[in-house]
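In what follows, a structure is listed as structure tokens, so that the remarks can point back to it.
The values are calculated or read from the model by the stated rules, or taken from the named source; none is laboratory data. Since we're looking at a predicted model, the values are computed, not measured. Ideal geometry is used to build each Cβ from the backbone, glycine not excepted, and the neighbour counts take in all protein chains shown. Heavy atoms of the whole protein, side chains included, go into the accessibility calculation; ligands, DNA and RNA do not. Shrake-Rupley method; radii C 1.70, N 1.55, O 1.52, S 1.80 Å.
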Amino acid sequence: MNSFMDKLSEKIMPLANALGQNRYLSVLRDAFMLSFPLTMFGSIVVVINNLPFFNDATKGTLSGLFGNGQNATMSIMTIFVTFGIGYYLSKSYKVEAIFGGAVSLASFLILTPFVLLTEDGTEVSGVLSLDRLGAKGMFIGMIAAFIAAEIYCRITKKGWQIKMPDGVPPAVTKSFAALIPAVVTLTFFLLVNALMIGIFHVNLHDVIYEVIQKPLTGLGSSLPATLLALFLVQFLWFFGLHGQIIVNSVMDPIWNTLMLDNLEAYQQGQDLPHIITKPFMETFTVGLGGSGMTLAVVILMAFVLKKKQYQEIGRLALAPGIFNVNEPAIFGLPIVLNATILIPWICAPLIVTTFNYFMMATGIVPAPTGVSVPWTVPIIASGTLATNSWLGGLLQAIDFIIVALIWYPFLRAMDRQTTIEE
């Protein structure tokens, strides 16, 4: 068994390391993290405005007073992501990052229709619709930002810059150095936009949304795709690789877009369109003790197993585990390359996620509203906040019990085996 694991590890490690070190995936991850404190603020505002014990009149009043807290953060998340992509990609090329971020954002806005369609079908020119800057514009924003930053950085690297004499203030020197790369990049996007509108009579926002974003979000919101992503997270962690970072780098754009869709529907009092979203993944998978839902495992080790070594590991890992940090358990038990517990490590998250999906699909438990809940919020509280219902917290408690039941026989067997060996 160990020989097989060693050979499998040799095959998996290079691929996983390549994904983890990929320039574009790293930039995408960092860009979403740039928006995190802003979306967190917006989520807090949404939670306060929609507390369950408020009546509709109170909620309406609070939304009118504090609604801009969400409109200026979560509703325009694509702006922060596009700027972040330009900034971090330019930084990775050792090019002046702030100008790369500004050029990427401007390139996205050039492709954005400044037309608002009213309820009666009237077009109002010169007005930006919030949905273009949020969920609906996410994919076109990411694509435009990457292309714009690449063009800007390559032109800068070629030395196509205006050089200023010594003694000129650094801010002025940097601005003139960025002038030609910025003008060339923005001209390219302006011509693309003119071509799409003048010849094809469409805008790239709608094309990308219909051709790329809708199919991908439809796939990403499905249960099979979610289970595959979870399997890969657990599988990579088993070999000591941070599966969460590797898989999330690919899936976060999809899950965050689904989150914004739900938030928009929730704000308008409509049915939530998706079950699988970023809050679902963080609250009902990672939110149960970290990757692998190991809070129940840590408690079993600390208070049920008989061997002192497991009790000590469990008690040391308990405090971090409450806040969903489970590296002490992963490397202390260890879970890494431990074939004895491979089955519960992989199967428990898949079983619990399937259970949660059907509980929400049948309407027994409400789906996450789109509010972003930090993954470090403890169990029960995070489920309640994510769904705006105590049923979300209750579902997490049931999940905890399911994970404990799945893991218990394997932990007992490992406990007994250690006793026999000693």
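See the values below:
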read-out: Taking the chain and dividing mean pair separation by its residue count, relative contact order in percent (alpha carbons under 8 Å, at least six apart); value: 14 percent
read-out: Among ALA57, ALA339, ALA178, residue whose mean-square fluctuation peaks in a GNM of the chain (springs only between Cα atoms under 10 Å); value: ALA57
read-out: Order of exposure, largest accessible area first, which applies to PHE284, PHE200, PHE146 with probe 1.4 Å; value: PHE200, PHE146, PHE284
read-out: The stretch 288-422: projected area of the alpha-carbon convex hull, averaged over directions, in nm²; value: 7.8 nm²
read-out: Bins of 10 Å from zero: percent of alpha-carbon pairs in the chain; value: 4, 19, 26, 23, 16, 8, 3, 0
read-out: Hull-based mean projected area of the stretch 255-328, where the convex hull spans the alpha carbons, in square nanometres; value: 5.7 nm²
read-out: Highest-MSF residue in the chain out of LEU195, LEU385, LEU395 [GNM, Cα springs under 10 Å]; value: LEU195
read-out: Per DSSP, loop trypsin sites (Lys or Arg not before Pro) in the stretch 136-177 with at most 16 further Cβ within 10 Å; value: LYS158, LYS163
read-out: Hz values of 3J(HN,Hα) by residue in the stretch 261-269 - Karplus curve (6.51, -1.76, 1.60), Gly and Pro given as x; value: 4, 5, 4, 4, 5, 5, 5, 8, x
read-out: Spread of Cα-to-Cα distances over 5 Å intervals beginning at zero, given as percent, for the stretch 189-347; value: 2, 8, 14, 16, 14, 11, 10, 8, 6, 4, 3, 2, 1, 1, 0
read-out: Pair-distance profile P(r), taking every C-alpha pair of the stretch 51-94, with 5 angstrom steps and integer %; value: 5, 19, 15, 14, 12, 10, 8, 7, 6, 4, 1
read-out: LEU219 versus ILE197: modelled label distance in nm, points set 7 Å from Cα along the beta carbon direction; value: 3.2 nm
read-out: Pairs of lysines in the stretch 70-174 (C-alpha under 24 Å apart; 8 or more residues apart or interchain); value: 11
read-out: Cβ crowding within 10 Å averaged over residues, with 263-273, 341-351 ranked highest first; value: 341-351, 263-273
read-out: Coordinate range along principal axes, alpha carbons of the stretch 17-99, Å, largest first; value: 52, 29, 13
read-out: Candidates SER382, SER372, SER125, ranked by Gaussian network fluctuation over the chain, Cα under 10 Å, top entry; value: SER125
read-out: Integer Hz, Karplus 6.51/-1.76/1.60 couplings in order for the stretch 190-198, x for Gly and Pro; value: 5, 5, 4, 5, 5, 5, 5, 6, x
read-out: Where a label projected 7 Å from the Cα of LYS307 along Cα→Cβ would reach, residues of the stretch 335-349 with amide N under 13 Å; value: 335, 338-341
read-out: Ellipsoid equivalent to the stretch 216-260 - semi-axes via the Cα gyration tensor, in Å; value: 20, 11, 6
